[in-house]
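The values are calculated or read from the model by the stated rules, or taken from the named source; none is laboratory data. All values reported here derive from a predicted model rather than from experimental measurement. We place every Cβ from the backbone using ideal geometry, glycine too, and count neighbours over all the protein chains shown.
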Amino acid sequence: MGIHVPSNVPMESTPFKGMEFEADEIAYDFYNEYGRKAGFSIKKEYVNKCKKTGVVTSRRFVCTKAGVRGKDKRDQNVKNPRAETRCVCEARLVIILNRDSKKYVVSEFIVEHNHYLHLPSTVHMMLSQRKVAATHAIEIDLAHELGLKLKQSYELLSKQVGGYDNLGFTKQDHKNYLHTKRQRDMEHGAAASLRRYFSRQLKENPSYYFATQLDYEELIINIFWAEARMIIDYSHFGDVIMFNTTYSTNRDARPLGVFLGLNHHRETVIFGGALLYGETIESFVWLFETFLEAMSEKKPITIFTDQDATMLAAIKVVMPKTYHALYNWHMWQNAEKH
């Protein structure tokens, strides 16, 4: 590809050797802004800290195409391996703490890239450039409170700034922001109330069952519960069950999942309920495993669900011998659409 040097960046926005910054994060923001104007994304490669004080003594910021991927340790039979995106690009910015002035000084700045740079129309798609600004976050929260769907909210924001290119983040970033907000709200608000409620139920009836799934930050993703009556009903009528997440979706876009069945009078009985923040394969695997744990590991002979592909994949993992079928209602809905 040859050497590519950014040519459309003003001098006042370009780093230089000897340039000083009050803090290492300020240096990162400056280099990231330079990368936005130049057409590349950056990342933090390494940091050195003083062992006694923990103060950052040096940092290196590099282009995201620096280095190469290590040996793939995944299954060798992966059909669609992730494409290599790095090409040993040498572009970088290195800063060192001046212990006298307490400022960070640029000790090395390599401007050349060995790959094509992004155009202004695509720069907002680069990872380090994608950020939900505080002003946009307020508007996202307001649209969310008014009940606007994610797609409507994202389109509204893009029109206000003259197009998606000027927004600074993608629809997935928009979704991730709402997802994180819901998780934190849940952890600090509704989660405490639910835990108190479940604890009271458990004191009144030791057979009451509930469980929560946490993410890597120990924030609640999903919740499952089953009353003693539900567990007893499942022991009698749990050969054929139904699981549906279309009964109720609140303004937080959190589906209510319900495990259902029929008793000997052909009346609907409930075997358990779940509030779902995450609807990934991992989340459904956790949910089905938790459901079976509550039901003394008795697996159903048949389970009816909707057409969710992630749900189907989870069933194959947790209940490989259980027969899986689809609701007639979902099939009719699909037929009407197509």
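Within the stretch 189-228, the set of residues being touching a strand residue (DSSP E or B) at 6+ places or on another chain (Cβ under 7 Å) and either modelled with pLDDT of 80 or more or in a loop (DSSP other than H, G, I, E, B) (or both) comprises Tyr209, Phe210, Ala211, Thr212, Gln213, Asp215, Asn222, Ile223, Phe224, Trp225, Ala226.
Residues in the stretch 256-272 that are in contact with a helix residue (DSSP H, G or I) (Cβ under 9 Å, 6 or more places away or on another chain) and surrounded by fewer than 18 Cβ atoms within 10 Å (Cβ to Cβ) were compared, and the one that is nearest to Ile220 (Cα to Cα) is Ile270. Does the stretch 148-168 contain any residue that is closer than 16 Å to Ser41 by Cβ and either modelled with pLDDT of 70 or more or under 21 Å from the mean Cα position of the chain (by Cα) (or both)? Looking through the stretch 148-168, at least one residue is closer than 16 Å to Ser41 by Cβ and either modelled with pLDDT of 70 or more or under 21 Å from the mean Cα position of the chain (by Cα) (or both). Considering the conditions (1) at pLDDT 90 or above; (2) under 30 Å from Ala143 (Cα atoms), Met295 is excluded by exactly one of them, (2). Within the stretch 287-303, the set of residues being surrounded by fewer than 21 Cβ atoms within 10 Å (Cβ to Cβ) and touching a helix residue (DSSP H, G or I) at 6+ places or on another chain (Cβ under 9 Å) comprises Glu289, Leu292, Ser296, Lys298, Lys299, Ile303. If the condition is being modelled with pLDDT of 90 or more and in a loop (DSSP other than H, G, I, E, B), then the stretch 41-58 contributes only Val55.
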